[in-house]
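Asks: Please read through the structure below; I'll follow up with questions.
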Amino acid sequence: MQTLSTHRWSSAFARRTQGASGELAAILELAGGTDLISFAGGLPDPQTFPVAVLRDLAMPLLSGDAAVALQYSPTPGLPGLRGAFADRLAETQGRRPGAGELMVTSGTIDALGLLARAMLDPGDVAAVESPTYLGAIDGFRGYEADVRGIPVDEDGIDTDELERLCRSDSPPKLLYTIPDHQNPTGITMSAERRSTLVEVCRRHGVLVIEDVAYRELTFISEPLPSLWSLGPDIVVQAGTTSKTFFPGVRLGWAVGPREVIAQMVVAKQNSDQCAGALGQRLLEEYLRGGHMDRQLRLSNALYSQRCARMLAALDEYMPAEISWTRPRGGFFTWLSGPGRLDAVDLARKARDAGVAFVPGRPFHPHADGANKLRLAYSLASEDEIDEGVARLGKLITSTLENR
Ligand SMILES: Cc1ncc(COP(=O)(O)O)c(C=O)c1O
């Protein structure tokens with residue numbers, strides 16, 4: 001009989017992973033029950049997955065194009081999908097990428113990992129909005145970056161604070177930002193801030209990473225200029241089809257200065273080598289067939305209704321001490337309470353009451369945000385939104401009364 005060792009592997013973990021906490025996993029686990037009304041994960045609703053169209057597109061690919069669709073792809077992506085992405089960027093952002101400026105990624109998390117791998121040495125300063133997408137905080141810390149938070153107000157990132165950090169003795173090498181319907185706040189950066197941000201970063205030689213995960217999930221008709229369209233010399237835009245096509249395929253794009261994209265391609269050769277060709281071919285056909293815009297209209301109508309329902313429920317059920325953002329797109333609203341509100345404690349109590357959300361602290365690179373919470377309206381039905389917010393409102397009211 002085999003004797004199993006009792007060796008503890010944690011002492012052998014790489015030094016760069018030592019600070020990584022399981023906090024997020026623990027929170028998400030809390031939020032993952034099936035009996036809950038969940039405002040926790042930023043997941044797209046499966047009813048937006050284009051199942052019927054995919055069925056029609058998949059068979060011809062398998063019978064007529066298997067040699068490409070089932071083969072490895074070139075690392076920068078299949079030329080057809082790169083062309084379809086370039087056409088879409090020209091159409092929706094008013095700028096067509098030049099040669100070597102665009103690559104296909106396996107989604108935004110992949111793009112962030114490639115950028116971190118290509119750009120960050122241990123101790124380099126990476127500036128992020130505070131709060132921000134915690135996948136980015138974790139991703140940059142995974143490469144031992146010194147992650148610094150810059151506050152956000154209703155117009156987006158505070159560009160005066162950014163300028164101060166750029167002038168300090170530890171200026172950032174890169175700045176990560178989500179200008180449209182930000183995760184977790186739902187805030188959209190104003191046109192003026194966009195121009196200022198590009199101007200400040202250009203002056204100080206800071207590479208901007210623009211995450212446009214929610215850009216096309218908008219409830220307003222006129223989009224603001226993307227940072228990449230304003231500063232293609234200093235901005236790498238990371239896009240994803242996870243919320244607009246479906247996340248099971250893991251696809252996105254990165255577009256930016258040729259030199260940086262070339263280095264990301266080198267990094268990709270050493271990670272997953274290429275995004276899956278089958279998904280790339282499906283997406284190319286989907287884009288070329290005009291299906292993306294049709295589906296976006298349906299998806300945005302759904303998310304916009306849910307957002308409106310959530311804002312109405314918050315108006316109805318939340319006590320006066322709670323405030324929240326009014327998103328114009330995306331998946332999230334962000335609640336702020338008085339200093340005595342402990343959102344982690346509230347998350348535990350909410351779970352007992354059958355409601356899940358993510359407390360604010362992990363979205364901050366420093367220990368802020370204990371009295372904040374993120375509510376996602378993307379996955380719950382309107383009835384669930386109403387019921388879940390009512391329960392949460394009751395709970396917050398009683399919690400604040402007892403403190
Ligand atoms: C701001 C932001 N960026 C990126 C992602 C993940 O993108 P992907 O699925 O392409 O890795 C998310 C998903 O929650 C997100 O909120």
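Asks: If you check Leu311 against the conditions, is it part of a loop (DSSP other than H, G, I, E, B), among the hydrophobic types (A, V, I, L, M, F, W, C) and not assigned by TED's automatic domain parsing to the domain that holds Glu216?
Replies: On the way: part of a loop (DSSP other than H, G, I, E, B): no; among the hydrophobic types (A, V, I, L, M, F, W, C): yes; not assigned by TED's automatic domain parsing to the domain that holds Glu216: yes.
Taking the combined requirement at face value, the residue does not satisfy it.
Asks: Can you name the residue in the stretch 322-337 that is touching a Lys or Arg at 6+ places or on another chain (Cβ under 9 Å) and in contact (Cβ under 8 Å) with a residue 40 or more places away in the chain and, of all such residues, is farthest from Pro179 (Cα to Cα)? Lay out the reasoning, then the answer.
Replies: We begin by selecting, within the stretch 322-337, every residue touching a Lys or Arg at 6+ places or on another chain (Cβ under 9 Å); these are 329-337.
With in contact (Cβ under 8 Å) with a residue 40 or more places away in the chain added as a condition, the list becomes 329-335, 337.
Details: Gly329: 12, Gly330: 11, Phe331: 14, Phe332: 14, Thr333: 15, Trp334: 15, Leu335: 19, Gly337: 24 Å.
Filtering first and then ranking leaves Gly337.
Asks: Taking the stated definitions as given, is Ser304 within 28 Å of Pro223 (Cα to Cα) and crowded, with 21+ Cβ neighbours inside 10 Å?
Replies: On the way: within 28 Å of Pro223 (Cα to Cα): yes; crowded, with 21+ Cβ neighbours inside 10 Å: no.
Taking the combined requirement at face value, the residue does not satisfy it.
Asks: Filter the stretch 97-134 down to the residues that are free of Cβ contacts under 8 Å to residues at least 60 places away in the same chain and within 15 Å of Val208 (Cα to Cα), then identify the one that is surrounded by the fewest Cβ atoms within 10 Å (Cβ to Cβ). Steps first, please.
Replies: First pass over the stretch 97-134, keeping only residues free of Cβ contacts under 8 Å to residues at least 60 places away in the same chain: 109, 116, 120-121, 123-126, 129.
Right, trim to within 15 Å of Val208 (Cα to Cα) and you get 116, 120, 124-126, 129.
Numbers: Ala116: 23, Leu120: 21, Asp124: 18, Val125: 20, Ala126: 26, Glu129: 30.
Taking the candidates together, the pick is Asp124.
Asks: Hey, any hits in the stretch 291-301 for a residue that's within 16 Å of the ligand (Cβ to nearest atom) and touching a helix residue (DSSP H, G or I) at 6+ places or on another chain (Cβ under 8 Å)? Give the derivation first.
Replies: Going residue by residue through the stretch 291-301, those that are within 16 Å of the ligand (Cβ to nearest atom) are 292, 299.
Among the residues that remain, those that are also touching a helix residue (DSSP H, G or I) at 6+ places or on another chain (Cβ under 8 Å) are: 292, 299.
Yes, the conditions are met somewhere in the stretch 291-301.
Asks: In the set Asp146, Asp169, which member is surrounded by fewer than 17 Cβ atoms within 10 Å (Cβ to Cβ) and either more than 14 Å from the ligand (Cβ to nearest atom) or of a type outside the set (S, T, N, Q) (or both)? First the steps, then the outcome.
Replies: On the way: Asp146 fails: surrounded by fewer than 17 Cβ atoms within 10 Å (Cβ to Cβ).
From the options Asp146, Asp169, the qualifying one is Asp169.
Asks: Okay, next question. In the list Glu161, Glu216, which residue meets the criterion of being out of contact with any Gly (no Cβ under 8 Å at 6 or more places or on another chain) and surrounded by fewer than 19 Cβ atoms within 10 Å (Cβ to Cβ)?
Replies: On the way: Glu216 fails: surrounded by fewer than 19 Cβ atoms within 10 Å (Cβ to Cβ).
One residue alone meets the criteria, Glu161.
Asks: Given the conditions (1) more than 13 Å from the ligand (Cβ to nearest atom); (2) buried (at least 23 other Cβ atoms within 10 Å of the Cβ); (3) within 29 Å of Tyr377 (Cα to Cα), which single one is not true for Arg281?
Replies: In the conditions (1) more than 13 Å from the ligand (Cβ to nearest atom); (2) buried (at least 23 other Cβ atoms within 10 Å of the Cβ); (3) within 29 Å of Tyr377 (Cα to Cα), Arg281 misses (3) alone.
The values are calculated or read from the model by the stated rules, or taken from the named source; none is laboratory data. These numbers come from a predicted model, not from an experiment. All Cβ positions, glycine included, derive from the backbone under ideal geometry; neighbour counts span all protein chains shown.
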